[in-house]
Amino acid sequence: MNPALDLAVLTRWTRALAALAAAAVLATAGLLALGAERAEAQPTATDWYTVQSRHSGLVLDVQGASTATGAVLTQYTATGGTNQQFRFIDLGNGYYVIQVRNSGLVLDVSGASTADGASIIQWTRHDGDNQQWKVTRDTAGYYAIVNRRSGKALDVYNWSTTAGSTIVQYAPTGAANQQWTLNPAGATCGADTVLAAIAAA
């Protein structure tokens, strides 16, 4: 037996194991960071957002700040009003219900239509598939919002840049009039009675 040779082998093995351990730590850290990045990319159920069109720079707005069922969704200049604030309630199935802060109602495809050009309205929540939306983020940071029932995306009708223009559903194209930025409005749901009632349901 050669003690010097044994020591050299042991040293090499020790260094190799240390390198493997370091690689494992780095890989774990990388996965955790990736998971955090993915988590941050999705909206939360406790935060309110304004939803801004990439195409027009205007934001989603319930026309006339209405609290009535059937009121239509438009795009409008940002005012900070609660009719321009939305929260995304994760249903746990890959889809969200999108709630309007002002009314407590949720975004709905009118008449459960599957047609291009169907209006987006606010309606009493019933969790039907015409009220469920898939929210996905692209590599540039823009979101597509696609209805579960129709498979069609929130779309600024006819590429309008005019305040008050309606929002419809249309076959996904990936174009700028179907791309949205979610901007946190700041406050969480707090003690809103409408939201408390929904949470308790």
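The values are calculated or read from the model by the stated rules, or taken from the named source; none is laboratory data. Every value quoted in this text rests on a predicted model; they were computed, and no experiment measured them. Cβ coordinates were reconstructed from backbone atoms using ideal geometry, including for glycine residues, and neighbour counts include every protein chain displayed.
A compact table of results
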{"read-out": "Search result, residues across region 103-122 that are of a type in the set (Gly, Ala, Ser) and either outside the structural domain of Gly80 (by TED's automatic domain parsing) or in a strand (DSSP E or B) (or both)", "value": "Ser119"}
{"read-out": "Yes/no for Ser110 being within 21 Å of Gln84 (Cα to Cα), touching a Ser or Thr at 6+ places or on another chain (Cβ under 7 Å) and either among the aromatic types (Phe, Trp, Tyr) or modelled with pLDDT of 95 or more (or both)", "value": "yes"}
{"read-out": "Qualifying residue in region 82-102 (condition: on the phi > 0 side of the Ramachandran plot, assigned by TED's automatic domain parsing to the domain that holds Gln52 and touching a Ser or Thr at 6+ places or on another chain (Cβ under 7 Å))", "value": "no"}
{"read-out": "Those residues of region 150-174 which are assigned to a loop (DSSP other than H, G, I, E, B) and surrounded by fewer than 17 Cβ atoms within 10 Å (Cβ to Cβ), in sequence order", "value": "Gly151, Thr161, Thr162, Ala163, Gly164, Ala171, Pro172, Thr173, Gly174"}
{"read-out": "Count - residues of region 123-148 that are part of a strand (DSSP E or B) and free of Cβ contacts under 8 Å to residues at least 24 places away in the same chain", "value": "1"}
